[in-house]
Amino acid sequence: MRLRRLLLLAVAAVLLAAAGTAVWRSAAPRPETAHGIAEGLLCPACQGESVAQSQSPMAAAMRDTIDQQLAAGRTPDQVRQFFVDRYGEGVLAEPGYDGIGILLWLVPLLAVAAVVLIVLRQRRRRPAAPPDRDPRTPAPPIGRARMWDTVAVAVIALVAVVAFAGPDHDSADPPARAAADSTSSLLTLARSLEGQGRYAEASEVYRDVVAQRPDDRTRLRLAFTLLRSDRAAEAATTAGQVLHDSPGNTEALLLLGLARRASGSPDATTTLRRFLKAAPDDPAAPEVRRLLARS
Amino acid sequence: MTGQIGGIVLGAGLVAAVATALLWSRVALLGVSARPARAATWATLAMAVLACAVLEVALVGHDFSIRYVAENGGRDVPLYYTVTSLWAALDGSLLLWLLVLAGCAVVVGGRRPERSGPLQPYAMAVIGVVAVFFFALTYFAANPFTAVSPVPADGPGPNPLLREHPAMGVHPPLLYAGYIGLVVPFAYGVAALLAGRTDRLSVTVVRRWTLVSWVLLTGGITLGAWWSYAVLGWGGYWAWDPVENASLLPWLTATALLHTLLAGRRTPALRSWTIALACSSFLLVLVGTFLTRSGAVASVHAFTASPLGPMLLGFVLLSVAVVLGLLVSRSGTAAAANPSPLLARESVMLGNAVLMVAVAAIVLTGTLFPLLVQAVQGHRAAVGPGYFNRAAVPVALVVLLLMGLAPLLRPGRAADLRDLRVPAFAGLAVAAVIGMLSRPGVLALAAFALGAYVLTGLAQSLVRRRGDLRRWGWMTAHAGIAVVAVGVAASSAYTVSSERQLRAGESITVGGVTARLETVDRLGAANGMRVRVRLALGGDAGGTSEPQLRYYPARDLTVSVPAIRSGVTGDVYATVLGAAPDGTGATVRLAVNPLVWLVWLGGGMTALGALTAAVRAPSRRRSPSPSPETPVPVGAA
Amino acid sequence: MNRRRIAGAVLAVAAVTVLGVTLASGMQRASGDTTPAATGPVTQARTGAAPPLRGRTLTGARFDLTTLRGKVVLVNVWASWCDPCRQELPVLAGAQRRWSADGLEIAGIDIRDNAESAHRLLTELGVQDLRSVADPQGTAAVAWGARGVPETFVVDRAGQLRWWAQGAVDAAWLEQRIPPLLAAS
């Protein structure tokens, strides 16, 4: 019996020693791999993907950069600093654990501490008195039950009225949300057309949007695209309307002036001067000055 | 026309849900007959079914006058994906959500008291309120039935990432059903607090629903991980992405809940715990829903920004406030001394719950941290896998350590630690052998050792007490978790990968596998363009591998579909990152991921084991327990 | 007992408030992200010395940015696989024609591209006289801190970075920023 015990102890000792050595071997710091560095960087062109994960060309370029820099003998920290210098702190997938980052450790610790505290106290506490409340409420008087019913019926009726009589459900006008949705997608389309320089098409789309939602900004985009697609007269009209609604809008003034200038109207110079006076520091101001000086 | 019918159905559903909530609270407060309340519950379900049916009809019939169809339908989409596109985007998935919720309500509101327990009216009122909220949300903020004009001739089809594999048709419904199933524990928890009788919590009901939800969540999360691996093509399966975390959080608290429920049958001290966990699981579902549906976090999986945000936020905060308020005001009513020794089942279960809460706290903090930085400092920040691996993984390893005790635990009695000798030796031996042969890192080494220790312990118990069929469920589930741990450790420690720009005939070698680029083909397809790269594999694996790059013009999206060749020791995982337009070369990423299949196997085992337990649970009746299950009509007079 | 309950209530209120503020800030961020400020490229002023840029151009000639000290240099990151670049390259060629006499140099960085398709695109657009450094791995663009394609950096005569634009620049953008830099000697 004793022999068996000794044997067991010996086996345990040998295993412990072996496992300890194994852990010690594993614990020795390993050189950080390029993949590890890439996992710690966020791809600047993506939605919440790391450089290691992303398939975007920019992420691939960043992976190659990491490889190059490591091959050139830079340390992983230097590589990370290289990216922080160029892309800002936001490129790091892990926040620094100083400053507000300490919360990442503090909050879970506090939560667990609170939980453990409650558990320990419950273990120590004497049995509490049985619940002092009897949940079985005595039968309420008939009158109260009636009143309750009336209120309930009223609530249901109210919900029904809101749900069905609300303007949302009138089949005659298109629902407000659908309209908002379609205008926003139209706006995106118009912007992308404009971005591609297809001003004539963009202006058509902007015109549709303006028909549904005539806000100043969209009308000015319309005026701008009209101007770009050589329809200066229409651009001038649109910009004029915006200016009429909000006289202080300098961008409208600028567009009106440029449109008048493009259509050869004699008022162009005065309008542009007014713009310069109203917004001398506008980024477009130097250009306008140049235009005025030339004419 | 269809759109108007859909809108009316949704409105009627809202009214029915309001009626359900009111009628059930009438039953709870006034103790009257539940018959009208049940009718209203059925009516709510009928409306939810109808709403889904109407949208399906519109989708299958390509009725592009309906906004949802215009945004997610497409004439060239196969029927299967047309049907599943009901949940391919936010608004449609809310309808599915309503359907499952109403279905849960009908089952819980049923007439058989052993299925619903004494707190049924209160719980049903809570479920009713949740249903009112989600119907209102769908109807007012995300109505999929609104009209589009002008009516487009065709739509873009559902998100291509969801069209890459048929399994993706199943993944969202599984997760949703798992999420919503947790409303039942939540409702019973709140009901117990509302009624002021935490001792009346219907353990059987809560346990069954939690188990079912847990099975679905486990399945959903595993499928999600697999989808991430086999479709997204970045080479991994878990990125600690906010959306992934959102699914993990309720899973963690539900796991803790399952264990406290088991021990709480006899220990009153665990009751308030159980209730807090039951409530928090669904609250975390709501927080997760907010995070993923309002566009608050940057993620590949997140739905785009939508007007749901403010409404959801309001409901999340209201629910959290109500639950916290109830917990605070009822605190101290349910505590009792817990005389069990440190290694008795109760204490270990409690320890497990604390650890699960710790993991959940870490994951939640890490997920919300970028938002907090945004709020406080106004700039972007990110929390990557590094933090989660460093903070959550060690705690998870301690969970494994406790899990190894499971086969030895007895209620109310200390476990006999001598039974732990063989598993402990096995664990140490595995650590020693693996640690001598390679250097996987301390965490991975610990995971291997603990995995071996848990599995050996389960095997030992199986040999000693064979034939005890009641134990199969949880034992399989535990074994599954240990297998997942080993798979995760192996694949994260030993994965090797490399990428190169290759021309035809050139090759890349990774981990003993050589891939030679043979051809790059451009194939025009009806709904996009694809580039197929043919790689000849040499070395350990033979044969060819054909990763693809697919471009979907309708959504301006490029998907890199990996080619995975699975073997016993691991997968050879090839992806195309880019291709030269003239077809002479391509950028190829080649990886060898060892033992990834263990993750899928383990996930499947876990879900299956829990399912066995769930199926067995109702038939088991324990006689001497101090009858928290005895059907006593609360509030009935 | 009562005091403990009050403490609990205070903690609960604090927890709900923190959660609310945190989640609400996320919502704000979401809506902030979806409305890009305006059309056109996102432009930021930049400071500091321009990073080095040297290598072989697409035509095989040597290129070194330091030899261009004293000129205004517009560095454009592009690739043949990038769609908006098609619109942008002719604009850049126009700018080169217009301002090269005044001291403007345009240098492209053609990232992760192969030379043939780059040549084909330049020929197709008729802008072969645009000079570009071949950057097959994209590392030069990363050294400049580019986040995507197309992007444009403007370096002044003193070799200092001045502007950084994400997205295709247009004639108006150039008109607004190039002449002042050319004027400053």
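Looking across the range B:403-437, the residues that are of a type in the set (D, E, K, R) and within 14 Å of chain A (Cβ to nearest Cβ) come down to B:ARG418, B:ASP419, B:ARG421. The residue that is surrounded by the most Cβ atoms within 10 Å (Cβ to Cβ), counting only those in the range B:120-141 that are under 23 Å from the mean Cα position of the chain (by Cα) and among the aromatic types (Phe, Trp, Tyr), is B:PHE135.
Scan the range B:23-45 for residues that are surrounded by fewer than 24 Cβ atoms within 10 Å (Cβ to Cβ) and aromatic (Phe, Trp, Tyr) and jot them down. Residue satisfying the conditions is B:TRP42 alone. Considering only the range B:438-480, state which residues are without any contact (Cβ under 8 Å) to a residue 40 or more places away in the chain, farther than 18 Å from B:THR606 by Cα, more than 9 Å from every other protein chain (Cβ to nearest Cβ) and not β-branched (Val, Ile, Thr). Those that are without any contact (Cβ under 8 Å) to a residue 40 or more places away in the chain, farther than 18 Å from B:THR606 by Cα, more than 9 Å from every other protein chain (Cβ to nearest Cβ) and not β-branched (Val, Ile, Thr): B:ARG464, B:ARG465, B:ARG466, B:GLY467, B:ASP468. Of the listed requirements (1) under 23 Å from C:ASP170 (Cβ atoms); (2) touching a Leu at 6+ places or on another chain (Cβ under 8 Å); (3) buried (at least 18 other Cβ atoms within 10 Å of the Cβ), A:ASP282 misses just one: (3).
Find the residue count for the range B:349-370, including only residues that are at pLDDT 85 or above and either aliphatic (A, V, I, L, M) or in contact with a His (Cβ under 6 Å, 6 or more places away or on another chain) (or both). The number of residues fulfilling the criteria is 14.
Table: residues versus (1) among the basic types (Lys, Arg); (2) at pLDDT below 85; (3) within 21 Å of C:VAL169 (Cα to Cα).
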| residue | (1), (2), (3) |
| --- | --- |
| A:ALA202 | no, yes, yes |
| A:ARG207 | yes, yes, no |
| A:LEU222 | no, no, yes |
| A:ASP245 | no, yes, no |
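If you scan the range C:132-185, which residues turn out to be polar (S, T, N, Q), free of Cβ contacts under 8 Å to residues at least 40 places away in the same chain and facing chain A (nearest Cβ under 10 Å)? Result: C:GLN137, C:THR139, C:GLN176.
Screening the range C:56-96 for residues that are among the basic types (Lys, Arg) and outside any helix (DSSP H, G or I) and picking the one that is nearest to the other protein chains (Cβ to nearest Cβ) gives C:ARG56.
Taking every residue in the range A:20-42 that is under 24 Å from B:VAL510 (Cβ atoms) and pairing it with any residue that is among the polar types (S, T, N, Q), at least 6 positions away or on another chain, the pairs with Cβ-Cβ distances below 8 Å are A:HIS35/B:SER497; A:ALA38/A:SER50; A:GLU39/A:SER50; A:GLU39/A:GLN53; A:GLY40/A:SER50; A:LEU41/A:SER50.
Would you mind stating whether B:VAL77 is touching a residue at least 40 places away in the same chain (Cβ under 8 Å), under 29 Å from the mean Cα position of the chain (by Cα) and buried (at least 21 other Cβ atoms within 10 Å of the Cβ)? It is true that B:VAL77 is touching a residue at least 40 places away in the same chain (Cβ under 8 Å), under 29 Å from the mean Cα position of the chain (by Cα) and buried (at least 21 other Cβ atoms within 10 Å of the Cβ).
Residue count for the range B:482-504 satisfying the condition of being among the aromatic types (Phe, Trp, Tyr) and surrounded by 22 or more Cβ atoms within 10 Å (Cβ to Cβ): 0. Summed over the range C:68-96, residues that are more than 18 Å from C:HIS119 (Cα to Cα) and basic (Lys, Arg) total 2. Report the residue count in the range A:111-124 for those that are at the interface with chain B (Cβ under 9 Å from one of its Cβ atoms) and either β-branched (Val, Ile, Thr) or surrounded by fewer than 13 Cβ atoms within 10 Å (Cβ to Cβ) (or both). Residues meeting the conditions: 7. Counting just the residues of the range A:59-97 that are surrounded by 20 or more Cβ atoms within 10 Å (Cβ to Cβ), farther than 15 Å from B:ARG380 by Cβ and among the β-branched types (Val, Ile, Thr), which one comes out nearest to the other protein chains (Cβ to nearest Cβ)? Filtering the range A:59-97 for residues that are surrounded by 20 or more Cβ atoms within 10 Å (Cβ to Cβ), farther than 15 Å from B:ARG380 by Cβ and among the β-branched types (Val, Ile, Thr), the one nearest to the other protein chains (Cβ to nearest Cβ) comes out as A:THR65. C:ILE106 meets the conditions (1) under 18 Å from the mean Cα position of the chain (by Cα); (2) within 11 Å of chain A (Cβ to nearest Cβ) in every case but one. The failed one is (2). Which ones in the range C:90-131 are within 19 Å of C:ALA183 (Cβ to Cβ), crowded, with 20+ Cβ neighbours inside 10 Å and free of Cβ contacts under 8 Å to residues at least 60 places away in the same chain? C:ILE106 - this is the single residue of the range C:90-131 that is within 19 Å of C:ALA183 (Cβ to Cβ), crowded, with 20+ Cβ neighbours inside 10 Å and free of Cβ contacts under 8 Å to residues at least 60 places away in the same chain. Remark: pairs (first residue in the range A:212-238, under 14 Å from A:GLY257 (Cα atoms); second residue polar (S, T, N, Q) and outside any helix (DSSP H, G or I); Cβ separation under 8 Å; 6+ apart in sequence or on different chains) = A:LEU220/A:ASN249; A:ALA232/A:SER263; A:ALA233/A:SER263; A:ALA236/A:SER263; A:ALA236/A:SER265.
Only residues that are within 14 Å of chain A (Cβ to nearest Cβ) and either assigned to a helix (DSSP H, G or I) or of a type outside the set (S, T, N, Q) (or both) were counted across the range B:140-159, and they come to 12. Would the range B:328-339 turn up any residue that is modelled with pLDDT of 80 or more and surrounded by fewer than 22 Cβ atoms within 10 Å (Cβ to Cβ)? Yes, the range B:328-339 contains at least one residue that is modelled with pLDDT of 80 or more and surrounded by fewer than 22 Cβ atoms within 10 Å (Cβ to Cβ).
This table checks each residue for (1) free of Cβ contacts under 8 Å to residues at least 24 places away in the same chain; (2) within 27 Å of the chain's Cα centre (by Cα); (3) over 25 Å from A:ILE37 (Cα atoms).
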residue: B:GLY351; (1), (2), (3): no, yes, yes
residue: B:VAL357; (1), (2), (3): no, yes, yes
residue: B:GLY384; (1), (2), (3): no, yes, no
residue: B:ARG390; (1), (2), (3): yes, yes, no
residue: B:LEU400; (1), (2), (3): no, yes, yes
residue: B:LEU405; (1), (2), (3): no, yes, yes
residue: B:PRO411; (1), (2), (3): no, no, yes
residue: B:ALA414; (1), (2), (3): no, no, yes
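Being under 25 Å from B:ARG208 (Cα atoms), not in a helix (DSSP H, G or I) and not β-branched (Val, Ile, Thr), is that true of even one residue in the range B:91-109? The answer is yes; a qualifying residue exists. Residues that are basic (Lys, Arg) and closer than 15 Å to C:ARG177 by Cβ: does the range C:91-102 have at least one? Scanning the range C:91-102, I find at least one residue that is basic (Lys, Arg) and closer than 15 Å to C:ARG177 by Cβ, so the answer is yes. Scanning the range B:490-526 for residues that are hydroxyl-bearing (Ser, Thr, Tyr) and on the phi > 0 side of the Ramachandran plot yields no hits at all.
The values are calculated or read from the model by the stated rules, or taken from the named source; none is laboratory data. Values in this document were obtained by computation on a predicted structure and should not be read as measured data. With ideal geometry, Cβ positions are generated from the backbone for all residues, glycine too; neighbour counts draw on all protein chains shown.
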